[in-house]
Each structure stands twice: as C-alpha cells, then as structure tokens.
Amino acid sequence: MSFEIIDADGHVTETWEQIARHLDEPYRKRPLQTPFFPQDGWDRRLIGTKGNWAGDAKSWTEALEAGGMAMAVLYPTLGLFLPFLRDAEWAVALARAYNTMLYKDLTSQNPRLRGVALLPLQDPAASARELERCVGELGFVGGMLSADSYYLLGHERFDPIYATAQRLRVPITVHAAGTDMNAVGHEPFPKFIQAHTVSHAFAQLRQITSMMFEAVPVRFPELSIAYLEAGSGWIPYFLQRMDEEYEKRGHAEAKLLTASPTEIVRSHSIYFSCEADEPLLPQAIAYVGADRIMYASDFPHWDHSYPKSVKELADRADVSDEDKRKVLAGNARRFYRL
C-alpha cells in the first residue's frame, strides 16, 4: 500500500554566507565569521562521511523525489544554536536574515517546501514581530523555538510569541538542537556521542515540564505546539511522571493547570515527532493517540536514515495502515494547516 508522505521536520544546511547576504544594515558590516554556537570543536559529520547537503531548493526537490514525499516543512541547522548568542540585537538580525534566506532560496522556489520561522528567544517581542512578518509576507507555516537554550519556555516573557501564533493560527514548535547540556548543568560532556545521546530528550523534557506546569496550553487554548526530534518513546513515561507530580503538588505549584498533563495533551493541540524504527512507537500511539504523532525525516543531518525511514515506517507490522496514514502525512497536514 502506498501512503502520502509529508515531512514534519526536515532541515536546511544553510551556510553563514547565505545568511550574511540578507543581513540588514548596519549588521552586514560586522566581521564575516560564523557567529553561531557551538564552539566545542566536535566533528558532527565525522570528516564529511555522515549526512547530506541540502542548502537550496534543487537539493531539497531531489530529496522529495527520492523518498516520494509530497511536501517537507523546513527547519534550520546553524540556526538551532541561535539562543546561545548573548547579543540579543544581533540574534534578532540573524534570525531575520535566515528567514529571508529560507524564503528566497527555498520556499519561494517550490510550493512543496514550506518554511518555519526561526525566532530569537533573546527578544520575545521581536520574535512576535518576526513571526508576523514570516507568516504574513513570506507564507511560513509556523514558528520555531529552540529547546536547547538558557531559557525556560513556560515563562510569561514568551507570551507575546504564543499570543501572536494563536492569533495567526500557526503552530509553535519546540525543536531540539543536539548540543551540550551545560546550560543546565556544571560539567560538560567530553565527547559528542555523550552529549548527543541525552541532549534531544533532556531538552524536551525540560521544556515540556516548564510549558506544562506554567499552563501554556491552558492560557493559550487555541495554540498548537509540537515537540520535535526527540522521538516518541519518552512520551508515556514522562507524561505519567508529570501526572504524579501534578496530583501531589499541582494545587499549590501549578494552579493554572486545569487537568493532569496527560489529559492536557489529549485534549489540546499538542504533537510530537517520531523515529520510523523506534520500538516504542506503538506504545506512544496508544497513549496519546495516532493523531498526535508525525513522521520526521531529519534529512539531511548526519544521523538521518531518509529515504529508508519512509519504507521502515510504511512496512511496520505493529502500526495499522490507518495510523500510518495519520503519522506519515495526515497529522502534519493538520498541524501545519497545509
């Protein structure tokens, strides 16, 4: 059986030179050196042997055809590390330049490529304005907040972003970056294999805890939220853990939350991405529902398995064809309003 495929989380391998071409004055006068974190020196692509390049519409169109995808929603690569910059004004300028580049180099070239706005956490008011520009002028389908950062996304300082997204009827996605977690600890991991193992999951656990117990879904009931690139196996375990905390302490420390975290996820527009081959996908589907989990290729990053991942998911015997249709395309179509 053939299925429609929509990639809920593909990536652009943007270069600093691509972004710099779209910097407004006076920012383009700043030294042309890569301004993004990380500065850890890790060889993420193992001397160029891992991953692919996908920095323009042509490369991404070829990728769509290789896996039979109808459409892909695109996220940054360098831009994932934007929240670690200390200069808020510079972060805003870089986000605007990246978003303009994404439109001009990719999404305006092929309607099957859709953009999500990179939003600078350093300045929530500027992020709200940038989301308005990207949706209204560039046709983007949502806004992205990086899970890996010094910030907790449940804080009310980010309310202007959520309010704007809710008004525009576009989702907010919380995307993991896969970097060191010394932002929330003291001793950094010495090797990338260690940092990458925990970073995606730890970052999402941290952010869903903040956003849930600060009642973001309750305070913005029409807002759609997705937690991307941490798989789905953690969902039943961690929602149940949050439920227990809510039962014992919610009346005192999460007063705005009107139901348990599991009930909030099931009753609000909250989504998650999955890995095609993860063993616990059926359990995640059973716990939160097949209409809340989306296929993501992670192409062209070093650890993707696309287009193999499409076949892996389509061929699974432990997921029904009805659920596959939702996970492979239907949920992303609804979440991003494609």
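The values are calculated or read from the model by the stated rules, or taken from the named source; none is laboratory data. These figures come from a predicted structure and were not determined experimentally. Every residue, glycine as well, gets a Cβ built from its backbone with ideal geometry; the counts of neighbours run over all protein chains shown. With ligands, DNA and RNA removed, areas are computed over all heavy atoms of the protein, side chains included. Shrake-Rupley method; radii C 1.70, N 1.55, O 1.52, S 1.80 Å.
Scanning the stretch 225-279 for residues that are acidic (Asp, Glu) and either assigned to a loop (DSSP other than H, G, I, E, B) or within 20 Å of TYR295 (Cβ to Cβ) (or both) returns GLU229, GLU275, ASP277, GLU278.
When you scan the stretch 236-246, do you find a residue that is more than 26 Å from HIS11 (Cα to Cα), of a type in the set (S, T, N, Q) and crowded, with 19+ Cβ neighbours inside 10 Å, even just one?
no
Across the stretch 308-320, a minimum of one residue is classified as surrounded by 21 or more Cβ atoms within 10 Å (Cβ to Cβ) and in contact with a Gly (Cβ under 6 Å, 6 or more places away or on another chain).
From the list LEU131, LEU94, LEU78, the lone residue that is open to solvent by 30 Å² or more (accessible area, probe 1.4 Å), more than 30 Å from SER2 (Cβ to Cβ), in contact with a Phe, Trp or Tyr (Cβ under 9 Å, 6 or more places away or on another chain) and not basic (Lys, Arg) is LEU78.
For MET101, the stated conditions hold: it is open to solvent by less than 10 Å² (accessible area, probe 1.4 Å), under 19 Å from the mean Cα position of the chain (by Cα) and more than 25 Å from ILE208 (Cβ to Cβ).
Among the conditions (1) among the polar types (S, T, N, Q); (2) open to solvent by 60 Å² or more (accessible area, probe 1.4 Å); (3) touching a strand residue (DSSP E or B) at 6+ places or on another chain (Cβ under 7 Å), the only one that SER273 does not satisfy is (2).
The one condition from (1) without any contact (Cβ under 8 Å) to a residue 60 or more places away in the chain; (2) buried (at least 19 other Cβ atoms within 10 Å of the Cβ) that GLY136 does not meet is (2). Note on the stretch 1-19: residues that are assigned to a loop (DSSP other than H, G, I, E, B) and over 21 Å from the mean Cα position of the chain (by Cα) total 4.
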